[in-house]
Amino acid sequence: MDSYPVTITIDGPAASGKTTVGLMLARHIDYLFLDTGCMYRAVTLAALERGVSVEDEIGITHLTRRLEMDILPAGVESDGRHYTVLLNGADVTWALRGAEVDVNVSQVSTYAGVRADLVRRQRAIGERGRVVMVGRDIGTVVMPSATLKLYVTASKEERARRRWKELEGRFRDASYEQILAEIERRDQIDGNREVAPMRPASDAIIIDTTNRTPDEVIQDILALEPFQPAAQN
Ligand code: CDP
């Protein structure tokens, strides 16, 4: 049991299923789950709340360094959250999913100083081990020596449909077409930025979740060699 890969990285584009799969996998093997996307979202929300322009790289970098950010297990909350995010002590878990954050987060994520600060925080958690860490650059930059790297993807239409279902009726009223356009725009920025662009690590296993249920995907992952009894000696 203890000889599963110490750190498991899951990268992939927006709404590819990496959070669902990462959470299920972490629960199954009793690992910590860390969604690094929520950290970039938290910086973006803080900038919006404080009136720091998302174009102001220096201002946002300073803000990031001063931010007190805590990510805690969901606890007793039963509003569908997977974890709780505190920003300078305030619960911002749902605010991170707002439209304004969605629109601006990829711009904020291009800034080298922001990334350096968040990567440092992510590594501090990753180095403790027994963690499933999810994002865009975890296998390539944050934890390049991780023993199991997954890259979870799906067609952009399927990803837009999933995100639309996720947001439907919760607190946002965006159409499928708007969500698809937003996903394409974010893919474009995330995949082409200079610092840590989104891409599979050369040793990542690619998992396409199009037309597959989360359970099927988990079964595929658990069938991989590192999870077989023979690999755990
Ligand atoms: O949930 P969704 O896939 O829509 O996005 P997310 O994982 O919450 O990430 C939001 C944004 O943060 C991404 O579009 C990236 O711009 C950025 N991000 C990043 O640059 N590096 C990471 N390791 C994680 C997220």
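Would you pick out the residues in the range 93-108 that are under 11 Å from Tyr40 (Cβ atoms) and of a type in the set (S, T, N, Q)? Explain how you work it out, then say what you get.
First pass over the range 93-108, keeping only residues under 11 Å from Tyr40 (Cβ atoms): 96, 101, 104-108.
Hits for the range 93-108 are Asn104, Ser106, Gln107.
Would you mind telling me which numbered condition in (1) within 19 Å of Arg136 (Cα to Cα); (2) modelled with pLDDT under 95 Ile205 fails?
(2)
So Met143 fits all but one of (1) closer than 26 Å to Leu72 by Cβ; (2) away from the ligand (no atom under 11 Å from the Cβ); (3) touching a residue at least 60 places away in the same chain (Cβ under 8 Å); what number is the exception?
(2)
Identify the residue in the range 104-148 that is assigned to a strand (DSSP E or B) and β-branched (Val, Ile, Thr) and, among all such residues, is nearest to Pro13 (Cα to Cα).
Restricting attention to the range 104-148, the residues satisfying the condition of being assigned to a strand (DSSP E or B) are 131-135, 148.
Narrowing further to those that are β-branched (Val, Ile, Thr): 131-132, 134.
On the way: Val131: 20, Val132: 17, Val134: 11 Å.
In this case the residue turns out to be Val134.
Give the residue, chosen from Arg41, Arg50, Arg65, that is of a type in the set (Lys, Arg), within 13 Å of the ligand (Cβ to nearest atom) and touching a helix residue (DSSP H, G or I) at 6+ places or on another chain (Cβ under 9 Å).
Details: Arg50 fails: within 13 Å of the ligand (Cβ to nearest atom); Arg65 fails: within 13 Å of the ligand (Cβ to nearest atom).
None of the others qualify; the one that does is Arg41.
Does the range 159-177 include one or more residues that are over 19 Å from Cys38 (Cβ atoms), touching a Pro at 6+ places or on another chain (Cβ under 9 Å) and not acidic (Asp, Glu)? I'd like the intermediate steps shown before the answer.
As a first pass, look at the range 159-177 and keep what is over 19 Å from Cys38 (Cβ atoms): 160-161, 164-165, 168-169, 173-177.
Of the ones still in play, those that are also touching a Pro at 6+ places or on another chain (Cβ under 9 Å) are none.
Looking for residues that are over 19 Å from Cys38 (Cβ atoms), touching a Pro at 6+ places or on another chain (Cβ under 9 Å) and not acidic (Asp, Glu), one finds none in the range 159-177, hence no.
Looking at (1) of a type outside the set (S, T, N, Q); (2) part of a loop (DSSP other than H, G, I, E, B); (3) in contact with a Leu (Cβ under 7 Å, 6 or more places away or on another chain), which one does Ile207 not meet, given that it meets all the others?
Ile207 satisfies every listed condition except (2).
Could you figure out which of (1) more than 27 Å from Asn211 (Cβ to Cβ); (2) touching a strand residue (DSSP E or B) at 6+ places or on another chain (Cβ under 6 Å) isn't true of Phe33?
Unmet condition: (1).
Please give the number of the condition Leu96 fails out of (1) surrounded by 15 or more Cβ atoms within 10 Å (Cβ to Cβ); (2) under 28 Å from Val6 (Cα atoms).
(2)
Can you list the strands (runs of 3 or more DSSP E) lying wholly within the range 1-82 that have 3 or more residues being β-branched (Val, Ile, Thr) and buried (at least 19 other Cβ atoms within 10 Å of the Cβ)?
Values: elements: 7-11, 32-35, 69-73.
Those strands (runs of 3 or more DSSP E) span 7-11.
Filtering the range 214-233 down to residues that are polar (S, T, N, Q) and surrounded by 11 or more Cβ atoms within 10 Å (Cβ to Cβ), which residue is modelled with the lowest pLDDT? I'd like the intermediate steps shown before the answer.
First, pick out the residues of the range 214-233 that are polar (S, T, N, Q): 219, 228, 232-233.
Retained after the next criterion (residues that are surrounded by 11 or more Cβ atoms within 10 Å (Cβ to Cβ)): 219, 232.
Details: Gln219: 95, Gln232: 58.
That would be Gln232.
Restricting to the range 85-115, give me the number of residues that are among the basic types (Lys, Arg) and over 18 Å from Ile71 (Cα atoms). Even if it seems obvious, please write down each step before you answer.
Taking the range 85-115 first, the residues among the basic types (Lys, Arg) are 97, 115.
If we keep only those that are over 18 Å from Ile71 (Cα atoms) as well, we get none.
Summing the residues that are among the basic types (Lys, Arg) and over 18 Å from Ile71 (Cα atoms) in the range 85-115 gives 0.
When residues of the range 162-202 are filtered for being part of a loop (DSSP other than H, G, I, E, B), surrounded by 13 or more Cβ atoms within 10 Å (Cβ to Cβ) and at pLDDT 90 or above, how many remain?
8
The values are calculated or read from the model by the stated rules, or taken from the named source; none is laboratory data. Everything quoted here is computed from the prediction, not taken from an experiment. Cβ atoms come from the backbone with ideal geometry, glycine included; neighbour counts cover every protein chain shown.
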